[in-house]
Each structure stands twice: as C-alpha cells, then as structure tokens.
1. So, in nm, how far is label Glu104 from label Glu41 when the simple model puts each one 7 Å beyond its Cα toward the Cβ?
2. Using only the Cα atoms of the range 89-160, build the gyration tensor, take square roots of its eigenvalues as a ≥ b ≥ c, and label the shape rounded, prolate or oblate: rounded if a/c is under 1.5, else prolate if a/b is larger than b/c, else oblate.
3. How much length would be gained if the chain were fully extended between Met66 and Glu143, taking 0.36 nm per residue of separation minus their Cα-Cα distance, in nm to one decimal?
4. Which whole-number percent is the relative contact order of the range 31-116 (Cα, under 8 Å, 6+ apart)?
5. What value, in deg cm²/dmol to 500, does the helix sum -39500 (n - 2.57) over DSSP H runs of n ≥ 4 give at 222 nm once divided by the residues of the chain?
6. Which helices, taking whole DSSP H runs in the chain, have alpha carbons extending 18 angstrom or more along the helix axis plus mean Kyte-Doolittle at least -1.0?
7. Please return the longest range in the chain lying between exposed loop sites, taking trypsin sites (Lys or Arg not before Pro), DSSP loop only, at most 14 other beta-carbon atoms within 10 Å, and leaving the sites out.
8. Could you tell me the relative contact order of the range 2-157? Use alpha-carbon pairs under 8 Å, at least six residues apart, and round to a whole percent.
Amino acid sequence: MSSNKVVNIVIAGLGGQGVITASDILADAAFRAGLDVKKSEIHGMSQRGGSVASDVRIGEQVLSPMVPPGEADFLLVLSADQVEPNQHQLKPGGMLIAPEMIDESALQNKRSLNVALLGILSAHLPMVPEAEWIKALKTSLPEKILEVNLQAFALGRGKKSA
C-alpha cells in the first residue's frame with residue numbers, strides 16, 4: 001500500500017496569477033514522469049482577481065481528483081492573502097510554499113512567480129525528474145516568455161531547503 005502513496009498538492013491564488021497554468025505544468029510534468037495524475041479546479045469569481053484553486057493529485061494510481069480537506073502535502077499559494085483561506089487544506093506536517101520564499105527582485109518578470117514557486121515544489125518531488133518539468137514548461141508556455149520562466153523555475157528549484 002505505501003508504494004501507492006498519492007501526493008496531494010493544492011495551488012491557490014487570484015485570477016490572472018497563473019494558478020491554472022501552474023497546475024497544468026505540474027500535471028504535465030508528473031504525467032511525463034509516468035505517474036497517474038488527477039486535477040480539478042475551483043474558480044471563485046469568474047473574472048480576473050477572484051479566488052482560484054486547483055487540486056493536483058499524483059501517484060501510481062489516483063482515484064479522485066479532489067484533495068480532501070486537511071490532506072494536502074503541499075499548499076502552494078501565489079498570493080499571500082490566499083494562505084489563510086486555504087490553510088485548512090494543508091495536512092499537519094505539510095509544506096506551505098508561499099510568495100515570500102522567492103525574492104521577487106531576482107525575477108526578470110514578476111509574472112513568473114508561479115513558475116518560480118513550482119521550482120521550489122519540484123525540489124520536493126523527486127518522483128518527477130527535472131527534465132520532465134523542463135519539457136512541461138516548454139510545452140505549456142509561449143516561446144516569447146519561455147526563457148524568463150525557465151530562469152524563474154531554476155531560481156525556485158535552487159531553494160531546496162526553503
């Protein structure tokens with residue numbers, strides 16, 4: 001049973017911050033690594049600025065796309081004000097990945113914060129090799145913003161002990 005550990009990840013933020021893009025990249029990278037992936041999205045207000053959350057579950061076999069409350073191994077928030085409304089998702093001992101873990105002045109474009117935070121997450125998911133993350137980034141992002149995002153990902157990935 002323990003060999004079929006499912007890793008539960010909740011990505012939360014505000015509309016327009018890249019929550020859906022981040023969850024798509026995560027799901028693609030995990031799928032490329034040969035894992036079963038289920039993903040669901042919860043939109044608050046349907047316009048830019050409303051709360052958005054995406055559940056991503058990865059493992060050898062995943063039966064449901066929804067992360068049960070209090071079961072998230074990782075809570076990745078793209079906006080500091082989304083920690084409190086989503087904190088209940090994180091299990092005891094789970095890891096909060098928040099914007100303050102990245103020095104935004106080190107980003108070429110602050111809009112790549114979502115990818116920098118994915119870089120932090122990636123360092124804690126050894127079952128998804130870095131090469132698969134890079135392939136997922138190249139597939140998911142337009143050429144014109146790819147290099148900036150690859151640099152943001154590398155910045156986050158370098159924060160292994162964050």
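All of the numbers you see were taken from the coordinates with simple rules; none came from a lab. Because the structure is predicted, anything quoted here is derived from the model rather than measured. Counting neighbours? That spans all protein chains shown, and the Cβs are built from the backbone with ideal geometry, glycine included.
1. Inter-label distance under the simple model: 2.4 nm.
2. Values: a/c = 2.11, a/b = 1.31, b/c = 1.61.
Oblate is the answer for the range 89-160, as a/c is 1.5 or above yet b/c matches or exceeds a/b.
3. 24.5 nm
4. 20
5. -10000 deg cm²/dmol
6. Details: long enough: 19-32 (20 Å, 1.00); 143-157 (21 Å, 0.25).
Long hydrophobic helices here: 19-32, 143-157.
7. Numbers: sites that count: Lys5, Arg48, Lys160.
Here the longest run is 49-159.
8. On the way: 325 pairs, mean separation 39.2, N = 156.
Computed value for the range 2-157: 25 percent relative contact order.
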